[in-house]
Amino acid sequence: MLKFNGTWRFDSPGPMASAAVSDFSVLIGKVAAQGEQQRILEHFKSYFACAAGAASSWSSNANWAQTVRAKHSVTPRRPRNADHA
């Protein structure tokens, strides 16, 4: 069973390590290369944005989708319920 620090439930432990961000970017790039690149990048971008407490909208092209997705992957998540922090 996965065990993690219980305080992470309501607050971010902080930004991801740069090596982890790089590894995720490489993995996402490999997945995106197997299909409709922009659609796949937008999928990941929307999930990273949601986790960061930010909005996501469709980018004008795949390069912008990749750039914005990378920004969201390193943004710490905002607490959903500060009363439980």
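Nearest 0.05, what FRET efficiency do GLN34 and SER57 give at R0 = 30 Å with Cβ-Cβ as r?
It comes out at approximately 0.80.
Just subtract the alpha-carbon distance of ASN5 and TYR47 from 0.36 nm times their residue separation and send over the number in nm, one decimal. The partial results should precede the final answer.
Numbers: separation 42, 0.36 × 42 = 15.12 nm, distance 2.20 nm.
Net length gain for the segment: 12.9 nm.
Region 1-62: which chymotrypsin sites (Phe, Trp or Tyr not before Pro) are DSSP loop and have at most 10 other beta-carbon atoms within 10 angstrom?
Passing sites in region 1-62 are PHE4.
Quick note: the coordinates plus some simple rules give every number you see, no bench work behind them. What you are looking at is a predicted structure, and each value in this text was computed from that prediction instead of being measured. A quick note on method: Cβ atoms are made from the backbone with ideal geometry, for glycine too, and the neighbour counts reach across all protein chains shown.
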